1. Can you tell me which residues in the stretch 8-51 are aromatic (Phe, Trp, Tyr) and surrounded by 17 or more Cβ atoms within 10 Å (Cβ to Cβ)?
2. For the stretch 362-378, enumerate the residues that are buried (at least 17 other Cβ atoms within 10 Å of the Cβ) and modelled with pLDDT of 90 or more.
3. Mind checking whether some residue in the stretch 340-348 is open to solvent by less than 10 Å² (accessible area, probe 1.4 Å), of a type outside the set (Gly, Ala, Ser) and over 27 Å from residue 145 (Cβ atoms)?
4. Inside the stretch 6-111, counting only strands (runs of 3 or more DSSP E) that do not spill past its ends, which hold 3 or more residues that are among the hydrophobic types (A, V, I, L, M, F, W, C)?
5. Applying the selection to the stretch 172-193, what residues are open to solvent by less than 30 Å² (accessible area, probe 1.4 Å) and part of a strand (DSSP E or B)?
6. Criterion first (open to solvent by less than 50 Å² (accessible area, probe 1.4 Å), part of a loop (DSSP other than H, G, I, E, B), at pLDDT 90 or above and of a type in the set (Val, Ile, Thr)) does residue 196 satisfy it?
7. Among the residues of the stretch 467-486, are any in contact (Cβ under 8 Å) with a residue 60 or more places away in the chain and under 26 Å from residue 329 (Cα atoms)?
8. Among the residues of the stretch 112-142, how many are open to solvent by less than 20 Å² (accessible area, probe 1.4 Å) and part of a helix (DSSP H, G or I)?
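The values are calculated or read from the model by the stated rules, or taken from the named source; none is laboratory data. Because the structure is a prediction, the values reported are computed rather than measured. No Cβ is skipped: glycine too gets one built from the backbone with ideal geometry, and neighbour counts run over all protein chains shown. For accessibility, only protein heavy atoms count, side chains too; no ligands or nucleic acids. Shrake-Rupley method; radii C 1.70, N 1.55, O 1.52, S 1.80 Å.
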Amino acid sequence: MNNTAKTSYSSDIHTDMNKEFVRQNFPLIRRENNPVYGVEQTDEIAIEPVNFDMLNYLLMRQGTYLILFGGVWSKETQNVIAQVNFLARKHGVERVYLYDFSADGTAEANIKQDITAHEYYIGPNKKEVNPFAIYNYLYGEMVTRHLTNLNSWVAKKTGSGSDITYLNLYRDPVTVPNLTEPFLFLYNKDNTVDNTDSGVKASVFPIVWAAELGNETGNVEEELGEKIFCHIGEGGCAITPYSSADYIREAYVKNGRGHAFKTEDAFTPDEPIHLQPISFQVYYWLLQQEGTFLFLLAGPWCANSQAAVATVNDYAVANQVRVYVMDSRLDSKHAIDFWQYPRKNELTMTCPPMLPYFVEIWEKYLPGVSVVVATSRRGRVIQPTITYTDEEGTGHTVLRVGIPYCFAYNKDHCDSNGPAPVLASFQNEAIELINTSSKFVYHEPAYRELKATTYKVFYAYQADLGQKVTDITIDRTAPIVEGEPVPHVETVAYYKAHDWYQEPKDPDAVELCGI
């Protein structure tokens, strides 16, 4: 593909923009740049970017999976990703799940930071402050809970001086090994065999086989074959299928994340899912591409999102398109819903280091959009706008936007007033999936409104492509039932004081409006 040529895309069901992101952002995966290992077509790519929530769902599931830690910022990942993809396809692996610990795709945004880079660390050997160090517990807790034998597979082991210390739920310092990207590994949470002969006494060794590819100096294909791929297939591990649709179906279920819905799950086990979860990096890239897309800003932790996804999916299936779903809480509240962390230090689009991106997106890519401003949640007042001053001293003010927010988008679209990239949108944060009041989404009046607003978005998308929209025939109306939903009780941690760590002045300052 000629890198200077502009390709126009769409949300067509036959085009997977997750794979296209990999193709465009890892040049060596393309045949033109890598005649031996590169691909000719996008559908030859097995690498699938995943967000933090989907990664952790994988780590909680039964089965065997092939996972790659790395990112576009990593030269080492750039150099080996084509070989990983080539060997994965050769060995019949349909998906290699790619997760980047960098929130925005730059090395500086990596959450793999030691506590000494925290703004509030006041002890010895303090490093230069990294704004993402405050979120290092996301990496640390994932390793502590799931990658329990990581120490046997990496060079930067605990006690090496290059490890990572984070503060856990109760403010205890916990030290974990620091993996080096790219890190490719076979994972099975129930594996009982220690393939490193480490002598560690444990009941499970979830990392079955692994390789820190950034430390390899020989033939990468041979190293991968000996350390990973010879253990896949006949006589070795059978890879478990798990798709984005499987994740959506599994994540959007009643009570799965501490919600207390009194209705059916969002999706039945056998219905098709055309919702495609994407990371922030993919979302940010997509907003800059030529073409027409359908987006849904939503998260499985959000009751209002839970309410909207089934109907949005109904229209996506009827019109044979994909809707790209981006969770504006970049950690998907996973630490809160599954690890019982309190609502603080969440990695969101409006946290300080990500705020420039949030402002840029709404000023540059989504200008003039009509939105409903979330002004309160759980009795706590929320400012309707967000202000930000950039490095040049220029002030910016944008609206806070509640979710779910669904929109049809073409960056080059204009109307009589000028640029109008959002062709149509709906925001439905007043209707929940709790059928004990008139706000219940499948109560007939509310459901009629939801269908009408969703139809408007899909109509605009199809019209921009010169096509006709297909309405849905499914009817999800349901009667209101008696009873009250049980509120989700959040954890209150008992913090320990340390003379080397100073609590933030406003430790309860959190983002409550869904972004």
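1. Narrowing the stretch 8-51 to residues aromatic (Phe, Trp, Tyr): 9, 21, 26, 37.
Across the stretch 8-51, the qualifying residues are 21, 26, 37.
2. 362, 365, 366
3. no
4. On the way: elements: 8-10, 47-49, 65-69, 96-99.
By residue number, 65-69.
5. Selection gives 176, 178, 183, 184, 185, 186, 187.
6. Numbers: open to solvent by less than 50 Å² (accessible area, probe 1.4 Å): yes; part of a loop (DSSP other than H, G, I, E, B): yes; at pLDDT 90 or above: yes; of a type in the set (Val, Ile, Thr): yes.
Spelling it out, residue 196 is indeed open to solvent by less than 50 Å² (accessible area, probe 1.4 Å), part of a loop (DSSP other than H, G, I, E, B), at pLDDT 90 or above and of a type in the set (Val, Ile, Thr).
7. Yes, the conditions are met somewhere in the stretch 467-486.
8. Residues that pass the stated criteria total 12.
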